[in-house]
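Below is one structure; the comments refer to it alone.
The values are calculated or read from the model by the stated rules, or taken from the named source; none is laboratory data. None of the values given here were measured: they were computed from a predicted structure. Glycine also receives a Cβ, built like all others from the backbone with ideal geometry; neighbour counts cover every protein chain displayed. Areas reflect the complete protein model, heavy atoms only, side chains present, ligands, DNA and RNA absent. Shrake-Rupley method; radii C 1.70, N 1.55, O 1.52, S 1.80 Å.
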Amino acid sequence: MPLPYVLLSAAVSLDGYLDDTGPERLLLSSPADFDRVDAVRASVDAILVGAGTIRADNPRLLVNSTERRAARVAEGRPEYPLKVTVTATGDLDPEANFWHTGGEKLVYTTDRGAERAARLLGRTADVVPLGPALDWRALLEHLYDERGVGRLMVEGGGTVHTQLLHQGLADELQLVLAPLFVGDPAAPRLFGPGGYQAGRLRLLDTRRIEDVVLMRYVPTAPGTGPLPTAADRHWLRTACELAALCPPSETAFSVGAVVVAADGTELARGHSREGADPVVHAEEAALAKVGPDEPRLAGATVYSSLEPCARRASRPAPCAELVLRAGVRRVVTAWREPDTFVRGADGRGVLVAGGAEVVVLPELEGLAKAPNAHLL
């Protein structure tokens with residue numbers, strides 16, 4: 001199921017703590033960075049914070065700039081993004097600023113917490129129960145399908161950020177580092193213990209904003225099962241973009257492929273008709289750049305904009321077979337092969353029969369089809 005693009009936003013001190021929540025609150029961001037955050041809020045469809053952050057900080061979570069609000073309205077969007085909170089117990093303060101400023105409000109909770117939340121809030125917010133326990137994937141699916149949220153900004157707290165990263169559901173982390181030491185061992189930390197992705201995050205860019213530094217990171221480690229992660233969407237989008245590099249053809253699809261190790265290291269990439277070979281396929285081109293004795297192939301994922309072929313006339317071995325021979329046992333694709341050139345093609349079936357996991361992300365099908373529009 002498609003999910004929103006999830007952007008985590010936070011500010012930390014040099015010793016790794018969030019700003020405190022006492023009466024004389026320590027503000028880590030600078031005025032210019034607060035304006036940047038305001039611009040990010042104006043760009044998204046919804047903003048989410050945990051119920052603990054509402055209790056501790058009593059935030060309003062508004063777009064403060066009148067010009068940015070006017071621009072949203074001119075684009076046909078609500079003046080303010082949807083405001084969302086999450087609570088397992090339904091323990092919410094109905095007098096908090098969150099409920100009495102901005103536009104629509106939405107509460108996700110458990111079956112147990114829903115009755116209490118509805119009783120406390122009345123008509124102030126819509127309350128959505130997610131079952132006996134909080135389910136982040138179900139929450140994001142509901143936001144996308146039922147509320148039309150394509151971009152979600154998550155502003156805290158640390159528990160929420162930690163859970164989204166643990167489950168591979170965060171597409172981007174925007175982290176501001178402030179030139180301060182908190183030094184209080186009781187101050188909250190941004191991230192808690194637990195199982196995070198393997199390998200390193202990828203740094204997209206850094207920016208100095210007065211005396212703070214903004215760093216933007218994206219996860220890179222592939223998922224490990226049938227449920228796609230944010231990194232899976234990132235790499236498959238890259239494969240789809242590679243398809244646009246293919247020399248045009250009236251007799252073959254344009255396809256891009258990327259081979260990624262379990263720790264998020266890109267091992268190789270390729271696209272159809274790459275170089276001087278007019279019949280090479282994307283997966284074939286990518287795998288040819290990886291040594292056959294590369295130990296990381298066994299845990300790697302192949303991302304291909306179109307499912308690897310099951311049959312082909314130009315070479316003895318189809319790409320599904322090449323993937324299996326390489327030892328790869330996980331493939332993520334955006335588009336099942338149509339009958340345009342090979343009737344009844346079923347690369348997925350070949351891969352599954354060979355012991356590989358195949359994950360299809362239909363939300364990227366349009367991007368995969370774009371370089372092939374003349375063939376469809």
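Return yes when ALA133 is more than 19 Å from ALA11 (Cβ to Cβ), among the aliphatic types (A, V, I, L, M) and assigned to a helix (DSSP H, G or I) and no when it is not. Break it down into steps so the answer makes sense when it comes.
Working: more than 19 Å from ALA11 (Cβ to Cβ): yes; among the aliphatic types (A, V, I, L, M): yes; assigned to a helix (DSSP H, G or I): no.
Judged against the criteria, ALA133 is not a match.
Is it fair to say LEU367 is of a type outside the set (Asp, Glu), free of Cβ contacts under 8 Å to residues at least 60 places away in the same chain, in a helix (DSSP H, G or I) and surrounded by 14 or more Cβ atoms within 10 Å (Cβ to Cβ)? Show your work before the answer.
On the way: of a type outside the set (Asp, Glu): yes; free of Cβ contacts under 8 Å to residues at least 60 places away in the same chain: no; in a helix (DSSP H, G or I): yes; surrounded by 14 or more Cβ atoms within 10 Å (Cβ to Cβ): yes.
Answer is no for this residue.
VAL360 versus (1) without any contact (Cβ under 8 Å) to a residue 60 or more places away in the chain; (2) open to solvent by 30 Å² or more (accessible area, probe 1.4 Å); (3) more than 25 Å from the chain's Cα centre (by Cα): which is the lone unmet condition?
So VAL360 meets the others, but not (3).
I'm trying to understand the selection: among the residues of segment 4-59, which are of a type outside the set (Gly, Ala, Ser), in contact with a Phe, Trp or Tyr (Cβ under 8 Å, 6 or more places away or on another chain) and at pLDDT below 95?
Those that are of a type outside the set (Gly, Ala, Ser), in contact with a Phe, Trp or Tyr (Cβ under 8 Å, 6 or more places away or on another chain) and at pLDDT below 95: LEU14, ASP15, ILE54, ASN58, PRO59.
From (1) in contact with an Asp or Glu (Cβ under 8 Å, 6 or more places away or on another chain); (2) closer than 23 Å to GLY90 by Cα; (3) surrounded by fewer than 19 Cβ atoms within 10 Å (Cβ to Cβ), pick out the condition that doesn't hold for HIS142.
The single condition HIS142 does not satisfy is (1).
Would you mind stating whether ARG189 is out of contact with any Gly (no Cβ under 9 Å at 6 or more places or on another chain) and either among the small types (Gly, Ala, Ser) or open to solvent by 50 Å² or more (accessible area, probe 1.4 Å) (or both)?
Details: out of contact with any Gly (no Cβ under 9 Å at 6 or more places or on another chain): no; either among the small types (Gly, Ala, Ser) or open to solvent by 50 Å² or more (accessible area, probe 1.4 Å) (or both): yes.
When the stated conditions are applied, ARG189 does not pass them.
Would you mention how many residues in segment 270-282 are open to solvent by 10 Å² or more (accessible area, probe 1.4 Å) and touching a strand residue (DSSP E or B) at 6+ places or on another chain (Cβ under 9 Å)?
Residues that pass the stated criteria total 3.
With the structure loaded, tell me whether LEU324 is on the phi < 0 side of the Ramachandran plot, touching a Cys at 6+ places or on another chain (Cβ under 7 Å) and part of a helix (DSSP H, G or I) or whether it fails that test. Before you say what the answer is, go through the steps one by one.
Working: on the phi < 0 side of the Ramachandran plot: yes; touching a Cys at 6+ places or on another chain (Cβ under 7 Å): no; part of a helix (DSSP H, G or I): yes.
In short, no.
Test each condition in (1) under 30 Å from HIS374 (Cβ atoms); (2) surrounded by fewer than 22 Cβ atoms within 10 Å (Cβ to Cβ) for THR224 and report the one that comes out false.
Of the numbered conditions (1) under 30 Å from HIS374 (Cβ atoms); (2) surrounded by fewer than 22 Cβ atoms within 10 Å (Cβ to Cβ), the odd one out for THR224 is (1).
Within segment 227-245, which residues are surrounded by fewer than 17 Cβ atoms within 10 Å (Cβ to Cβ) and more than 15 Å from GLY256 (Cβ to Cβ)?
Scanning segment 227-245 gives a single hit, LEU227.
All but one of (1) more than 17 Å from ALA257 (Cα to Cα); (2) crowded, with 17+ Cβ neighbours inside 10 Å hold for ASP339, so report the exception by its number.
All conditions pass for ASP339, except number (2).
Would you please name the residue that is surrounded by the most Cβ atoms within 10 Å (Cβ to Cβ), looking only at residues in segment 74-94 that are aliphatic (A, V, I, L, M) and within 23 Å of ASN64 (Cα to Cα)? Working first, answer last.
Residues of segment 74-94 aliphatic (A, V, I, L, M): 74, 82, 84, 86, 88, 92.
This time we only want the ones that are within 23 Å of ASN64 (Cα to Cα), so: 74, 82, 84.
On the way: ALA74: 8, LEU82: 21, VAL84: 25.
Ranking the qualifying residues of segment 74-94, first place goes to VAL84.
If you scan segment 286-332, which residues turn out to be hydroxyl-bearing (Ser, Thr, Tyr) and surrounded by fewer than 24 Cβ atoms within 10 Å (Cβ to Cβ)?
Looking only at segment 286-332, we keep the residues that are hydroxyl-bearing (Ser, Thr, Tyr), and these are 301, 303-305, 314.
The answer is SER314, and nothing else.
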